[in-house]
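The values are calculated or read from the model by the stated rules, or taken from the named source; none is laboratory data. Quick caveat: nothing in here was measured; it's all calculated off a predicted structure. For neighbour counting, all protein chains shown are included, and Cβ atoms are generated from backbone atoms with ideal geometry for every residue, glycine included. These area figures cover heavy atoms from the full protein model, side chains too; ligands, DNA and RNA do not enter into them. Shrake-Rupley method; radii C 1.70, N 1.55, O 1.52, S 1.80 Å.
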Amino acid sequence: IAETIVYMGEHLDDPSLSLQTLAERINLSKNYFAALLKERTGENFIPYLTRLRVRKARELYQNTDLKIYEIAAAVGYSDWHYLYQVYRKYEGHSLSREKRGHA
């Protein structure tokens, strides 16, 4: 599980990252993998993956000059509008508040 969590963090740009594909990588049923992930992280798969993607988006936004659509792609979202929506939901404010020195 620990290696798979690391793998998730390293492959956030993959929009096909899913509970099923990760479970198959380590030869577990998706239900068993989901239970182990929840036990290890305290979160279900989608909220955990989304939180990783939001954190990475914030880091990229603060520390690079990438455009929003490039950041969205780098964290596995094809639509930058969707990234904005998800970010606001998870962080309680817009991504634009995160620019260097504004957070």
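Looking across the range 69-102 at every residue that is closer than 21 Å to SER18 by Cβ and not in a helix (DSSP H, G or I), the one that is most open to solvent (accessible area, probe 1.4 Å) is identified as SER78. Pairs are defined by a Cβ separation below 6 Å, a sequence spacing of at least 6 or placement on different chains, a first member in the range 60-81 that is at negative phi and touching a residue at least 24 places away in the same chain (Cβ under 8 Å), and a second member that is assigned to a loop (DSSP other than H, G, I, E, B) and open to solvent by less than 70 Å² (accessible area, probe 1.4 Å); the pairs so defined are VAL75/LEU12.
The single condition among (1) under 24 Å from ILE1 (Cβ atoms); (2) loosely packed, with under 14 Cβ neighbours inside 10 Å that PHE33 does not meet is (2).
The criterion of being under 29 Å from LYS38 (Cα atoms) and of a type outside the set (Lys, Arg) holds for LEU60.
Give me the residue from the range 36-53 that is of a type in the set (Val, Ile, Thr) and either farther than 19 Å from SER16 by Cβ or touching a residue at least 40 places away in the same chain (Cβ under 8 Å) (or both) and, out of that set, least open to solvent (accessible area, probe 1.4 Å).
We begin by selecting, within the range 36-53, every residue of a type in the set (Val, Ile, Thr); these are 41, 46, 50.
Narrowing the set further to residues that are either farther than 19 Å from SER16 by Cβ or touching a residue at least 40 places away in the same chain (Cβ under 8 Å) (or both) leaves 41, 50.
Values: THR41: 41, THR50: 18 Å².
Step by step, filter the range 36-53, then rank; the result is THR50.
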